[in-house]
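*Asks:* First the structure, then my questions, so here it is.
The values are calculated or read from the model by the stated rules, or taken from the named source; none is laboratory data. From a predicted model like this one, the values you see are computed outputs, not experimental measurements. Every residue, glycine as well, gets a Cβ built from its backbone with ideal geometry; the counts of neighbours run over all protein chains shown. Each accessible area value is taken on the protein alone, full model and side chains, heavy atoms only, with ligands, DNA and RNA left out. Shrake-Rupley method; radii C 1.70, N 1.55, O 1.52, S 1.80 Å.
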Amino acid sequence: AQLDTLDIVVLAALLLGTVAYFTKGTYWAVAKDPYAGSLANGAAAKAGKTRDILEKMDESTKNCVIFYGSQTGTAEDYASRLAKEGSSRFGLKTMTADLEEYDFENLDSFPEDKVAMFVLATYGEGEPTDNAVEFYEFISSEDVSFTQGGGVSEKPLANLKYVAFGLGNNTYEHYNSMVRNVTKFLDRLGANRIGTAGEGDDGAGTMEEDFLAWKEPMWKHLAESMQLQEREAVYEPVLEVTEKPDMDAESDDVYLGEPNKNHLEGKQKGPFNAHNPYIAPIAESKELFTIKDRNCLHMEIDISGSNLSYTTGDHIAIWPTNAGKEVDRFMNILGLSEKRHMVISVKGLDATAKIPFPSPTTYDAVVRYHMEICAPVSRQFVSALAPFSPNDSIKAEMTKMGSDRDYFHDQVAARNYNLAQLLEFLSQGKTWDNVPFTIFVEGLHKIQPRYYSISSSSLVQKNKISITAIVESVEVPGASHVLKGVTTNYLLALKQKQHGDPNPDPHGLDYAITGPRNKYDGIHVPVHVRHSNFKLPSDPSKPIIMVGPGTGVAPFRGFIQERAKQARDGETVGKTMLFFGCRKKAEDFIYADEWEAYKNDMGENFEMLTAFSREGAQKVYVQHLLKQRAVEIDRLLQQKAYFYVCGDAANMAREVNTVLGQIIAEQRGISESKAEDIVKAMRNSNAYQEDVW
Ligand code: FAD
């Protein structure tokens, strides 16, 4: 989604709707590299971008396009990895393409000697990601018609060679439905699938290994089908990083972490969205736990004047900053410490290369604000780094880790290492001076905003968004360090700072709290809002049952605030049942006093049921409480109650689903499979809603 200098000039001259253009799917459109030659390639001379993929591939001489349907960036990352591998191992001329940026009517003219890959995430309840909606509508349509075939041919896509990989989560009912459905439609249209469609499972935590296991046979089949010769993979950069020693990092046009040009120029301008965060003041923050060794934060984020809006049940995204401690570790191990504030410019070596952050910038800004440096290490990336090891024995170790799944698990994954920790461990602290910086820019994920279920009601506080976040701190027996979650520890540091705590950084993580050029000073955090389908019934008199242990209670605080207000305003509010669970009443029973106040507003109609798992001899969880209240739950369901579950996807949400089926079966005297069908039907009609992670 890059535009060049000339594009911008021409666009500005031609289009009155420039602003609208910049905000639609063009991430860094205004953040291009001013050092890139404006006529570096033919494509740059064109005003605007083509939506014709065949034209795009022709003009950039590509024979392999990897389309991605991505919501949080993972599918996009996998697409980039396929692009790199196809090029370095098989000499394919690859490009990645955002599904949203192309039209598909001419897929029937896709040349036989080229290949299309589809990397498709399934989102929520089996839906396409936002950027894949139009493509999905097109390809799934009963009367899909193409330019050449005009809908006449039985097999209009007979020339289209394709491969597909899906990203899904088996805790959702419609597991990987995007890739399953898209392959079904493509096959029906006569397309020629190479190999099997892969399915990665985030729910089982095996996404990466599923991807690795799928791609090897896929490459083999593709190589046969296209008669590709495999060669020893050599790293071929698609980006170029140029140091600018004569530029001053403090000069006005250097990005020090600002997400785009508006932010760089100091005037943040809406619309604020997933491409353009709002730097929001944190109006209030407090600790919700009474126990010292765990933290749960409540924050109020002020969105007044931003034109951002939310409705109860939506999500807010927080754009994190990496901890200084980890930024330092990364810089040190790569031997970059001395020149961390060196200005660098980044440009694509070909017209289709995507530059993941604005430039010119500095090494420090890239590592701190743009790259996911603390995440688990990818095994494939270890292989890619092996040739750049400081000596041959480390290279041999890296190669082994990269190729042996179990060894990698024991040595790396089980120890919760991030990349710099692994490199430190392997070289015993000796610097890795030979690794090209571009390999990180291309190979590490872009840092992702983290989502939080908004825990306030928009009816009660339209301009203030509450969040309820547990601070991630993971201790693994045998691991040398405690893993600190990136975003939640950043929020904790912001909260400590807001309270003037003499020790604003409880774990010495050393966050850059005031942000690039102190723009986040006064306790601000970059955010955007994502609308969700997790919604109260529009009629407040309908009964609702909510199951939300731990921070899963977040959206229900919003729901109950809303119903309490409706009750105060004299509206009829239906039965409102909340099942909540935590460890101990005196430690982590969050918002304990607020629930009492809501009872005053709603009276008998609000009932809260609590399970404390570490108080009695036996562990009690929300599932047990549901069983105890089986009669009433079934009665409310018969009265068309809405049933909501929020929180832990892997265990709790699944079990609650099962328990609800059992309750219905017992109470109505029907078989469990019939009861399961009823639960499914509730899901389909939105009477059963989940907000799980
Ligand atoms: P991260 O740094 O992202 O780490 C998260 C986890 O990843 C770690 O605990 C660990 O298990 C793993 N991990 C990270 N690095 C490594 C490594 N090097 N090696 C091995 N494992 C690693 N959370 C809430 O508290 N409240 C909410 O209301 C809430 N709502 C959500 C709503 C939605 C729709 C979604 C998708 C998520 C929600 N979450 C919520 C979760 C939240 O988005 C974050 O995932 C969470 O706060 C952790 O973020 P973090 O950046 O602090 O941790």
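*Asks:* Kindly express, to the nearest 10 degrees and within the range 0 to 90, the angle between helix 207-226's C-alpha long axis and the longest C-alpha principal axis of the chain.
*Replies:* 40
*Asks:* A follow-up question, please. Check which residues have an amide H placed less than 5 Å from ASP691's amide H, if you skip close sequence neighbours.
*Replies:* Hits under the 5 Å cutoff: VAL645, CYS646, GLY647.
*Asks:* For the range 230-238, just list the computed ³J(HN,Hα) in residue order, Karplus coefficients 6.51, -1.76 and 1.60, θ = phi - 60°, integers in Hz, with x standing in for Gly and Pro.
*Replies:* Running phi through 6.51 cos²θ - 1.76 cosθ + 1.60 with θ = phi - 60° gives 6, 10, 5, 5, 10, 5, 10, x, 9 Hz.
*Asks:* May I pose another question? Hey, quick one: spin label on GLU250, modelled 7 Å out along Cα-Cβ, who in the range 266-300 has an amide N within reach, i.e. under 13 Å?
*Replies:* Hits in the range 266-300 for GLU250 at 13 Å: none.
*Asks:* If amide hydrogens are placed 1.01 Å from N in the peptide plane, which non-local residues have theirs closer than 5 Å to the one on LEU609?
*Replies:* Residues meeting the criterion, in which the H sits 1.01 Å from N, are LEU578, PHE579, PHE580.
*Asks:* Okay, moving on. Keeping every protein chain in place, order LYS56, LYS497 by accessible area at 1.4 Å, biggest value first, i.e. largest first.
*Replies:* Details: LYS56 35, LYS497 90 Å².
Ranked from most to least accessible, the order is LYS497, LYS56.
*Asks:* Calculate, in whole percent, how much of the Cα-Cα pair population of the chain lies beyond 36 Å. Let's see the in-between values first.
*Replies:* Working: 109451 of 239778 pairs.
Beyond 36 Å sits 46 percent of the P(r) for the chain.
*Asks:* DSSP loop GluC sites (Glu not before Pro) in the range 238-319 with at most 16 other Cβ atoms within 10 Å of their Cβ, which ones? All intermediate terms of the calculation are to be shown ahead of the outcome.
*Replies:* Values: sites: GLU240, GLU243, GLU250, GLU265, GLU284, GLU287, GLU300; in loops: GLU250, GLU265.
Hits after loop and neighbour filter: GLU250, GLU265.
*Asks:* Same structure, new question: How big, on average over all directions, is the shadow cast by the Cα convex hull of the range 136-180, in nm²?
*Replies:* Values: hull surface 16.6 nm².
Hull-based average projected area comes out at 4.1 nm².
*Asks:* Using a 1.4 Å probe and ignoring any ligands, DNA or RNA, find the accessible area of VAL620 and quote it in Å² to the nearest 10.
*Replies:* VAL620 exposes around 50 Å² with every protein chain in place.
*Asks:* If you average over every viewing direction, what projected area does the convex hull of the Cα atoms of the range 50-226 give, in nm²?
*Replies:* Details: hull surface 37.0 nm².
Result: a mean projected hull area of 9.2 nm².
*Asks:* Compute the angle between helix 486-498 and the longest alpha-carbon principal axis of the chain, please, reported from 0 to 90 degrees and rounded to the nearest 10.
*Replies:* That helix lies at roughly 60 degrees to the long axis.
*Asks:* OK, next. Can you list the HN-Hα couplings for the range 278-292, worked out from phi with the Karplus curve (6.51, -1.76, 1.60; θ = phi - 60°), rounded to whole Hz and with x for Gly and Pro?
*Replies:* Each residue's phi maps through the Karplus curve to give 9, 7, 9, x, 8, 6, 8, 8, 7, 8, 9, 7, 9, 7, 7 Hz.
*Asks:* Order the peptides 453-461, 544-552 from the highest to the lowest mean number of other Cβ atoms within 10 Å of their residues.
*Replies:* Working: 453-461: 22.2, 544-552: 24.0.
Ranking, from highest mean packing down: 544-552, 453-461.
*Asks:* Mind ranking SER480, SER140 by accessible surface for me, highest first, 1.4 Å probe?
*Replies:* Order by accessible area, largest first: SER480, SER140.
*Asks:* What whole number of Å gives the distance from the Cα centroid of the range 250-303 to the Cα centroid of the range 57-134?
*Replies:* 32
*Asks:* Shifting gears a bit: Evaluate the charge dipole of the chain about its Cα centre and quote only its size in Debye, nearest 20, assuming +1 on the Cβ of each Lys and Arg and -1 on the Cβ of each Asp and Glu. All intermediate terms of the calculation are to be shown ahead of the outcome.
*Replies:* Values: 73 positive and 97 negative charges, 207 e Å.
With Lys and Arg at +1 and Asp and Glu at -1, about 1000 debye.
*Asks:* What size of dipole, in debye to the nearest 20, comes out for the range 50-226 about its Cα centre when the only charges are +1 on Lys and Arg C-beta atoms and -1 on Asp and Glu C-beta atoms? Let's see the in-between values first.
*Replies:* Values: 16 positive and 33 negative charges, 165 e Å.
Magnitude of the dipole: close to 800 debye.
*Asks:* State the antiparallel share, in %, of DSSP beta bridges confined to the range 66-209, rounding to the nearest 5.
*Replies:* Values: 2 of 21 bridges.
Roughly 10 percent of the beta bridges in the range 66-209 run antiparallel, per DSSP.
*Asks:* Give the Cα extents of the range 298-427 along the principal axes, in whole Å, largest first.
*Replies:* The Cα atoms of the range 298-427 stretch 58, 35, 32 Å along their principal axes.
*Asks:* How high is the relative contact order of the range 50-226, given as a whole-number percent (alpha carbon pairs under 8 Å, six or more residues apart)?
*Replies:* 20
*Asks:* Of LYS84/LYS184; LYS619/LYS640; LYS114/LYS184; LYS325/LYS495; LYS495/LYS535; LYS497/LYS585, which ones are farther than 23 Å apart at the Cα?
*Replies:* Long pairs (Cα-Cα over 23 Å): LYS84/LYS184; LYS619/LYS640; LYS495/LYS535; LYS497/LYS585.
*Asks:* Another question, then. Which order, highest average first, do 66-74, 385-393 follow once you tally other Cβ atoms within 10 Å for each residue and take the mean per peptide? Don't skip to the answer; put the middle values down first.
*Replies:* Working: 66-74: 23.8, 385-393: 15.4.
Result, highest mean first: 66-74, 385-393.
*Asks:* Still on this structure, I have one more. Return the calculated 222 nm mean residue ellipticity for the chain, to the nearest 500 deg cm²/dmol, obtained by summing -39500 (n - 2.57) across DSSP H runs with n ≥ 4 and dividing by the residue count.
*Replies:* Numbers: 22 runs with 223 residues, N = 693.
Value at 222 nm, helices only, nearest 500: -9500 deg cm²/dmol.
*Asks:* Going by Cα centres, the range 452-530 and the range 679-693 are how many Å apart?
*Replies:* Using only Cα atoms to place each centre, the spacing works out to 31 Å.
*Asks:* For the range 546-594, report the convex hull volume of the alpha-carbon atoms normalised per residue, in Å³, without decimals.
*Replies:* Values: hull volume 3.3 nm³, N = 49.
Taking only Cα atoms, the range 546-594 has a hull volume of 67 Å³ per residue.
*Asks:* Once the range 637-693 is represented by equal point scatterers at the alpha-carbon sites, with solvent omitted, what log10 I(q)/I(0) does the Debye formula produce at q = 0.18 Å⁻¹?
*Replies:* Log10 of I(q)/I(0), two decimals: -0.58.
*Asks:* Using the alpha carbons of the range 215-352, what is the convex hull volume per residue in cubic angstrom, as a whole number? It would help to have the intermediate numbers written out before the result.
*Replies:* Numbers: hull volume 39.5 nm³, N = 138.
Normalising the Cα hull of the range 215-352 by residue number yields 286 Å³.
*Asks:* Would you kindly derive the ³J(HN,Hα) couplings of the range 319-333 from the backbone phi angles with the Karplus curve 6.51 cos²θ - 1.76 cosθ + 1.60 (θ = phi - 60°), listing them in order in whole Hz, with x for Gly and Pro?
*Replies:* Listing the rounded values in order: 8, x, 10, 6, 5, x, 4, 6, 4, 4, 4, 4, 4, 4, 5 Hz.
*Asks:* Kirkwood Rh over Cα pairs of the range 562-693 into Stokes-Einstein at 4 °C, 1.567 mPa s: D in µm²/s? Write down the numbers at each step before the final one.
*Replies:* Values: Rh = 16.0 Å.
For the chosen part, D equals 81 µm²/s.
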